[in-house]
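Asker: Take a look at this one; I'll ask things after.
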Number of protein chains: 4
Amino acid sequence: MVKVLVVGYGVIGQRLADGVALQKDMELVGVVDAAVTLSTRSLKEKGMPYKLYAAFPEAKEKFEAAGIPVSGLLTDVLNDVDIVLDATTGGVGAKNKALYAQHGKKAIFQGGEKNEVADVFFHGYANYEKGLGADFLKLTSCNTTGLIRAVDCLDRKVGIEKVAITIVRRVADPGDYHRGLTNALQVDKAPSHQALDLMTIMPHVDATGILVHTPVTHGHFITVVATPKKDISAEEVIAAFKEHDRIRVVRLEDGFLGNASIFKYARDLGRPRGDLYEICVWEDTVVKSGKDVMFGIHIPQESVTIPESIDGIRAALEMQTDRLEAVETTNKYLGLGAWK
Amino acid sequence: MVKVLVVGYGVIGQRLADGVALQKDMELVGVVDAAVTLSTRSLKEKGMPYKLYAAFPEAKEKFEAAGIPVSGLLTDVLNDVDIVLDATTGGVGAKNKALYAQHGKKAIFQGGEKNEVADVFFHGYANYEKGLGADFLKLTSCNTTGLIRAVDCLDRKVGIEKVAITIVRRVADPGDYHRGLTNALQVDKAPSHQALDLMTIMPHVDATGILVHTPVTHGHFITVVATPKKDISAEEVIAAFKEHDRIRVVRLEDGFLGNASIFKYARDLGRPRGDLYEICVWEDTVVKSGKDVMFGIHIPQESVTIPESIDGIRAALEMQTDRLEAVETTNKYLGLGAWK
Amino acid sequence: MVKVLVVGYGVIGQRLADGVALQKDMELVGVVDAAVTLSTRSLKEKGMPYKLYAAFPEAKEKFEAAGIPVSGLLTDVLNDVDIVLDATTGGVGAKNKALYAQHGKKAIFQGGEKNEVADVFFHGYANYEKGLGADFLKLTSCNTTGLIRAVDCLDRKVGIEKVAITIVRRVADPGDYHRGLTNALQVDKAPSHQALDLMTIMPHVDATGILVHTPVTHGHFITVVATPKKDISAEEVIAAFKEHDRIRVVRLEDGFLGNASIFKYARDLGRPRGDLYEICVWEDTVVKSGKDVMFGIHIPQESVTIPESIDGIRAALEMQTDRLEAVETTNKYLGLGAWK
Amino acid sequence: MVKVLVVGYGVIGQRLADGVALQKDMELVGVVDAAVTLSTRSLKEKGMPYKLYAAFPEAKEKFEAAGIPVSGLLTDVLNDVDIVLDATTGGVGAKNKALYAQHGKKAIFQGGEKNEVADVFFHGYANYEKGLGADFLKLTSCNTTGLIRAVDCLDRKVGIEKVAITIVRRVADPGDYHRGLTNALQVDKAPSHQALDLMTIMPHVDATGILVHTPVTHGHFITVVATPKKDISAEEVIAAFKEHDRIRVVRLEDGFLGNASIFKYARDLGRPRGDLYEICVWEDTVVKSGKDVMFGIHIPQESVTIPESIDGIRAALEMQTDRLEAVETTNKYLGLGAWK
């Protein structure tokens, strides 16, 4: 049993903890946080399903003052784990890295950190082999993780030469009060970092993209214009996506009208927090333009990186050396693909 | 074991089914619907936790064509139940009533139906006794249900003479595509129906109110200006709310900044679908104006009526004749108040 | 002086009237409407800058009851005009066409009508010559009008082989209460009609596209991936757009952060209603992907079709037979390009 | 001719400048700003309708670098004016005050400054006399200005004992990218500052209130529960509001469905930027609760304080010593009441 610690119990950290707890070959040792938040308060009301450790002594005092049981400090628990999933706010992970290194522990950072924090910029499906045995991995961001799933899927079928993406980005998560847009779209400087990141992970693909922020909270929407090396029909594209355990193919006529339908469906499914690990592709959006293929995908920003983060544990600790064996093990424990 | 059937498996019907299934003295016989929707599709993907019955033969065919297992027709199962919770779209319940009466079954309708559909307009806390043994009850709507909880709570302490309410209403549920507002507030003709409904349930209170629709999905916000019969301080108001098992008192400094924080917290708690049965009162909003008390409450529109609906079963079937015994039984099985 | 009548005094009709009134070689005979609305009420408060005619006798009575002066009926005034700009609700124009034909009058319909209503599907810049002398023209819709401006501009420089577009559509106009989305993106079946319409106007270009509705009111955003026949650099693309009198090139660093900045700037400029006739291209979004060019444009949906509608009058009545002479005359009277 | 300088050319400053320019007994000497913004850029494109002065030398350089003509520095022009309208960002006005005092100039600050900045906290209708001859006035904020108009109107009819208000606040102005909420309501600590400010201006009225931020941009909505000293019917309330030149009474049946309808109507009226100086009261919201009166008002946040700011000039410079003569002069030049 591989022992895993989750550092940072926010939007991503909570979901990493739940995902790791489902892996039968991993043990979640606990979670670490630095502040009394709604997330850490919820642990108390739920009866402490996970042990909580404080990032530093002052944090411990604050948890105790709020009546939230604390099992110790990060520096205590760090000795007892094999690997850390760091889901702290962007920039903090880089500082934590020194501590992890000092304790001789491997760590996996989320997309908010700079690439320099890690030895390998990682995606479970696209470059699993690069992560084997690495000490420090950095995951792709939510949009890039989902995007690469789809592009890698087609790339392995027919080869992809280049992609041009348009990211219609949700601007805040449900419950965010520190950021937001009201009746406004916001344009970013192009090319978007997701296109650049895709080229880092998949260097044989040329990519560019434009990103626009929109005032919604339930998921990003990306359109992809992909130039394949070999001709591929819309039907073959759909079939390829249907085979993938981290991609769902949905249809407008079934009631999946947009991002909000997908969130509703995940809530109706009883998924914790209404989360979905899969990206969705709308069958109705798959079209051809000359040889190019165009399609639209949904990215559930809060939970999409969880499977690839767990793949990262498998790679860093060499739990599986085979890419497909690794991702399929992660999928099995997360219940991915079972619905088909 | 009282046998309950839920007719209409939409936003409310799904939650009624879950709530009834938690009552140890009730048996959920099944759920009934008329169309292939995301909600009925989710039943299939979850492995049919509840038996599904079709509202009529054509609906049965459609479910089967979509691969969703159907256990029979409404007219079949109706013979085997003690009471129906009707959560169909407004207006359909009135038509269904004839069928229920024909089969000699009691039924409880939701707030979308006209008052005439029922013998008694019902609220578990405020007029439980009126529902005892009744054949047809109609529940108050989501806003009115939550509002009455708060007003009844103070009324039983010091007597309430009159209330003036302002309802800041969410305009759509998450996943609604058939209604919505974009960058607009919408004003309704005053007095709002919630004020009128409150007077029907609590005829000794004078009530008026103004309602404004806002472009959000996670819960209504109501301010109440209440004129008490006896003087009551802000602290006593807060203490009274804290004692109530269907009211939570929250604070801005704890991170509850608005409706979205409450939804986030309920998701973090692991509540199915991120639902909350309780209304919330912000401690920070309780103020005095002369003798009057003013405060602000949050109404989780999708789930707030579930406890009072279950109270209705208890009243109609005379499972408990005592008001407090009834609501406390409902609360116990729903886990309400356990967090204190 | 060419005599013009505007039928339908809603969002588009009001702006057509204002645009025609600015043309020194045209006379706005009046506007026609069928109902007492905020738009027709505003005419009264402004002291009737335009004569109002009623679409039919009952409408005349309603205007008079509301105290809005009416100059007569559509059937009266129709005899005194050379051409009609029909901006009625989709479908009504098709019915009106018979009336116009009966009176021997030419007419120009907006994008909401079906293509069959007209002899020519028209765009001032892209196919002006087709409209020369035609009896019935139909304008492209707001998105298509703006999109074609940009594509036609590049097509005339280097030739465009194909385009793949992503339309991030505003779902409602400011003041719309009959439609709206709340916290939701909505996906349409691909290919979008705008791509198909572009191919009708520019049959030598292959086009496809995906459209997603977003909960904002101030303008659409479109990304275009264009495959040119001859190589063209990002700088040359920007230079081409800068030369065009109906295109503005804007920059993030100048404060144009998205659709809302553009609306704000147009208000600050003192443009009536905060309208802009030009589309905007963000210089910061112009990127290359291999030979392909990608860029993002803003479409001010309420006013963008006004210049091309006026071009349509010039074509139908053969006021100018030369394309550039026609559009430049329209531009001069609308003040387009003067700001450079 | 009184010489007026507007310092700060943002949302409020632009509108102050326009409002002053309309007063036939005032001369707008110029406007002052410190940065190249969309607002100052718009001056250039419009051909410099107002002279622009730079707040300090570095600002002058930046304007010149952006090609925006500058007429000099604030310190230069300050000698030539009688009074300053300071509409700078909150906190800057307090710093500017020393400069104004040093030059022996009177100044009027906006609601964003602290009360201490001024000798008198001012409202044209409610306490005009207090402002007579004062050196430094501070205006009430947008919500408070509009609220006091309505409360003062009734207070002068029948006397108002106390008010309890609910403010449904727009969270951002159109074009704001530095603040915003997405699918969230945000609750403030009660009592809201508007209630406290009302008591400062009208010390004989007891006031409290709750404020909730909503994700819209076009205007606030306030409900008022007012306890009058003498009984007053809903009809009499409506009649009193109809007489007031800075209040419009609107009706749902006329198409005024909410804040967005009012913005649309103001745009259709051709008001610059779609601005309205008046607050609106919905006739449909005026209801009674016992002796109390309840009603709902709309506050156009960008422009509502302009008339009272101009009243402030009249008071500070003792242009009119009579309250009604002063406000009626302001109203006449702004065209207020002319529409009746």
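Rule-based calculations on the coordinates, nothing more; no lab input. The model shown is predicted, which means the values in this text are computed figures rather than measured ones. Using ideal geometry, Cβ is built from the backbone for each residue, glycine included, and neighbour counts are taken over all protein chains shown.
Asker: Taking the label point as lying 7 angstrom from Cα along the Cα-to-Cβ axis, what are the distances from B:ASN115 to the corresponding position in the remaining copies, in ascending order and in nanometres?
Answerer: 4.6, 5.7, 6.8
Asker: Let me ask something else about it. Give the nm distances, rounded to one decimal, from D:THR89 to the matching residue in every other copy, measuring between label points 7 Å along Cα toward the beta carbon; shortest first.
Answerer: Its label point is 2.1, 4.6, 5.1 nm from the equivalent points in the other copies.
Asker: Separation of region C:54-121 and region A:32-65 by C-alpha centroid, Å?
Answerer: 69 Å
Asker: Ok, one more. Which of the aspartates and glutamates could be linked to C:LYS230 by a straight reach, that is with a Cα gap under 12 Å, when you skip same-chain ones fewer than 8 residues away?
Answerer: C:ASP155, C:GLU161, C:ASP292
Asker: With the cut-off at 1.5 for a/c, could you classify chain C from its C-alpha gyration tensor as rounded, prolate or oblate?
Answerer: prolate
Asker: Next question, about the same structure. Checking the a/c ratio against 1.5 first, then a/b against b/c, what shape does the Cα gyration tensor give for region B:142-299?
Answerer: In terms of gyration-tensor shape, oblate.
Asker: With springs connecting C-alpha atoms under 10 Å apart, model chain B as a Gaussian network and identify which of B:ALA34, B:ALA87, B:ALA107 has the largest mean-square fluctuation.
Answerer: B:ALA34
Asker: What percentage of all Cα-Cα pairs in region C:208-319 are separated by more than 20 Å?
Answerer: Value for region C:208-319 (Cα pairs over 20 Å): 49 percent.
Asker: In percent, what relative contact order does region C:254-340 have, based on Cα pairs under 8 Å that are 6 or more apart in sequence?
Answerer: Reported as a whole number, the value is 19 percent.
Asker: Taking amide H positions as placed 1.01 Å from N in the peptide plane, with prolines and chain starts having none, which residues 5 or more places from A:TYR53, or on another chain, fall under 5 Å of its amide H?
Answerer: A:VAL31, A:VAL32, A:ASP33, A:SER71
Asker: Something else: How about region C:149-204: which trypsin sites (Lys or Arg not before Pro) there are in a DSSP loop, with at most 16 other Cβ atoms within 10 Å of their Cβ?
Answerer: C:ARG179, C:LYS189
Asker: Here's a follow-up. Calculate how many DSSP beta bridges within chain C are antiparallel, expressed in % of all such bridges and rounded to the nearest 5.
Answerer: The antiparallel fraction comes to roughly 35 percent.
Asker: Using helices alone, I'd like the mean residue ellipticity at 222 nm for the protein assembly as shown: each DSSP H run of four-plus residues gives -39500 (n - 2.57), total over residue count, nearest 500.
Answerer: That comes out to -10000 deg cm²/dmol.
Asker: Amide H to amide H under 5 Å from D:PHE121: which residues, 5+ apart in sequence or cross-chain, H placed 1.01 Å off N in plane?
Answerer: Placed amide hydrogens put D:LYS138 under 5 Å from D:PHE121.
Asker: How tilted is helix D:234-243 with respect to the longest principal axis of chain D? Cα atoms for both, answer in degrees (0 to 90, nearest 10).
Answerer: 30 degrees
Asker: Tell me, how many Å apart are the Cα centres for region C:286-328 and for region B:239-311?
Answerer: The distance from the Cα centre of region C:286-328 to that of region B:239-311 comes to 54 Å.
Asker: Do any of C:LYS46/D:LYS340; B:LYS157/B:LYS291; A:LYS46/B:LYS44; A:LYS3/A:LYS24; C:LYS46/C:LYS105 go past 21 Å between their Cα atoms, and which?
Answerer: A:LYS46/B:LYS44; C:LYS46/C:LYS105
Asker: Over all residues in B:221-233, what is the mean tally of Cβ atoms on other chains that come within 10 Å of each residue's Cβ?
Answerer: Whole-number average of other-chain Cβ neighbours for B:221-233 is 3.
Asker: For A:PRO57, which inter-copy label distances result when the label point lies 7 Å beyond Cα on the Cα-to-Cβ vector, reported in nm to one decimal and in ascending order?
Answerer: Copy-to-copy label distances for A:PRO57: 5.2, 8.0, 9.4 nm.
Asker: In whole Hz and in residue order, list the ³J(HN,Hα) couplings for region A:108-124 that follow from phi through the Karplus curve 6.51 cos²θ - 1.76 cosθ + 1.60, θ = phi - 60°; x for Gly and Pro.
Answerer: 10, 9, 8, x, x, 6, 6, 4, 4, 5, 10, 7, 9, 8, 10, 9, x
Asker: When a/c is below 1.5 the answer is rounded, else prolate if a/b is larger than b/c, else oblate, so apply that to region D:54-200 with a ≥ b ≥ c taken from the square roots of the Cα gyration tensor eigenvalues.
Answerer: oblate
Asker: Pairing the Cα long axis of helix A:11-22 with the longest principal axis of chain A, what angle in degrees results, from 0 to 90 and rounded to the nearest 10?
Answerer: Approximately 90 degrees, to the nearest 10.
Asker: Here is a further query. Whole-Hz Karplus ³J(HN,Hα) for region C:193-202, in order, using 6.51 cos²θ - 1.76 cosθ + 1.60 and θ = phi - 60°, x for Gly and Pro?
Answerer: 4, 5, 5, 5, 5, 4, 5, 5, 6, 10
Asker: Could you work out how far helix B:306-316 tilts from the main Cα principal axis of chain B, as a 0 to 90 degree angle to the nearest 10?
Answerer: 70 degrees
Asker: Mind telling me which of D:ASN79, D:ASN127, D:ASN143 comes out most flexible in a GNM of chain D, alpha-carbon contacts under 10 Å?
Answerer: Among D:ASN79, D:ASN127, D:ASN143, the largest mean-square fluctuation in the Gaussian network model of chain D belongs to D:ASN79.
Asker: Check each of the chymotrypsin sites (Phe, Trp or Tyr not before Pro) in region B:47-98 and keep only those in coil by DSSP with at most 10 other C-beta atoms within 10 angstrom; list them in order.
Answerer: none
Asker: Along region C:28-36, what does the Karplus equation 6.51 cos²θ - 1.76 cosθ + 1.60 (θ = phi - 60°) give for ³J(HN,Hα), rounded to whole Hz, x for Gly and Pro?
Answerer: 7, 6, x, 10, 10, 8, 10, 8, 7
Asker: Give me the one-decimal nm value for the distance between modelled label points at A:LYS229 and B:ASN79, 7 Å along each residue's Cα-to-Cβ direction.
Answerer: According to this spin-label approximation, the distance is 6.7 nm.
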